[in-house]
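Quick one: structure below, then a few questions.
The values are calculated or read from the model by the stated rules, or taken from the named source; none is laboratory data. All figures in this text were calculated on a predicted structure; none of them were measured in a lab. Note: ideal-geometry Cβ built from the backbone for every residue, glycine included; neighbour counts use all protein chains shown. Note: accessible area is taken over every heavy atom of the protein model, side chains too, but ligands, DNA and RNA are not part of it. Shrake-Rupley method; radii C 1.70, N 1.55, O 1.52, S 1.80 Å.
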Amino acid sequence: MACPICNAQNEDILLQTDNLRVIAVHDEADAPAFCRVIWQRHVAEMTDLSATERNELMDMVYRVESAMRQVFRPAKINLASLGNVVPHLHWHVIARFSEDAHFPAPIWAAPKRTPTVTLPHDWPQQIKALIN
């Protein structure tokens, strides 16, 4: 089966290097402020990377978190590296708001309310400017 991360198309790429890319995620209706940091090479686990590569990846996760905190001023940032469905190393960086559909539960839990989150329309460009 082809990896959907290796073969991704039409991504909103905010930054790309030889080793990783950062994308804005627009297809998670209940998580409107969502980025992914993706390792370019197809590996499944953090321990598949060298120490230098792990540091590079995590540095970018932290840079994206910092940029999202600055742009959104969220109640919380969630970081997750799951890979159960797609075993290609990537990190979810998700801004959470008290008025989002699931807060304080994970975004993949049952919704608790109708979300009332309003984000700047140009948020991907703002994040891009801060991480580049």
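Criterion first (open to solvent by less than 60 Å² (accessible area, probe 1.4 Å) and within 26 Å of A129 (Cβ to Cβ)) does L15 satisfy it?
Taking the combined requirement at face value, the residue satisfies it.
Sticking with this one: Checking I77 against (1) outside any helix (DSSP H, G or I); (2) in contact (Cβ under 8 Å) with a residue 40 or more places away in the chain; (3) more than 30 Å from A2 (Cα to Cα), which single condition isn't satisfied?
With (1) outside any helix (DSSP H, G or I); (2) in contact (Cβ under 8 Å) with a residue 40 or more places away in the chain; (3) more than 30 Å from A2 (Cα to Cα) applied to I77, the lone miss is (2).
Between a residue in region 115-130 that is open to solvent by 80 Å² or more (accessible area, probe 1.4 Å) and any residue that is in a loop (DSSP other than H, G, I, E, B) and of a type outside the set (G, A, S), which pairs come within a Cβ distance under 8 Å, given they are 6 or more apart or on different chains?
Between residues of region 115-130 that are open to solvent by 80 Å² or more (accessible area, probe 1.4 Å) and residues that are in a loop (DSSP other than H, G, I, E, B) and of a type outside the set (G, A, S), the close pairs are T116/E99.
Return the only residue of I94, I107 being under 14 Å from the mean Cα position of the chain (by Cα), modelled with pLDDT under 95, among the hydrophobic types (A, V, I, L, M, F, W, C) and open to solvent by less than 80 Å² (accessible area, probe 1.4 Å).
Answer to the check: I107.
Which condition breaks for V61 when tested against (1) assigned to a helix (DSSP H, G or I); (2) within 20 Å of D30 (Cβ to Cβ); (3) of a type in the set (V, I, T)?
(2)
Here's something else I'd like to know. Would you say R63 is open to solvent by 70 Å² or more (accessible area, probe 1.4 Å) and in contact (Cβ under 8 Å) with a residue 24 or more places away in the chain?
For R63, the condition - open to solvent by 70 Å² or more (accessible area, probe 1.4 Å) and in contact (Cβ under 8 Å) with a residue 24 or more places away in the chain - is met.
Follow-up. Output yes when any residue across region 42-50 is open to solvent by less than 30 Å² (accessible area, probe 1.4 Å) and farther than 23 Å from A2 by Cβ, and no when none is.
There is no residue in region 42-50 that is open to solvent by less than 30 Å² (accessible area, probe 1.4 Å) and farther than 23 Å from A2 by Cβ.
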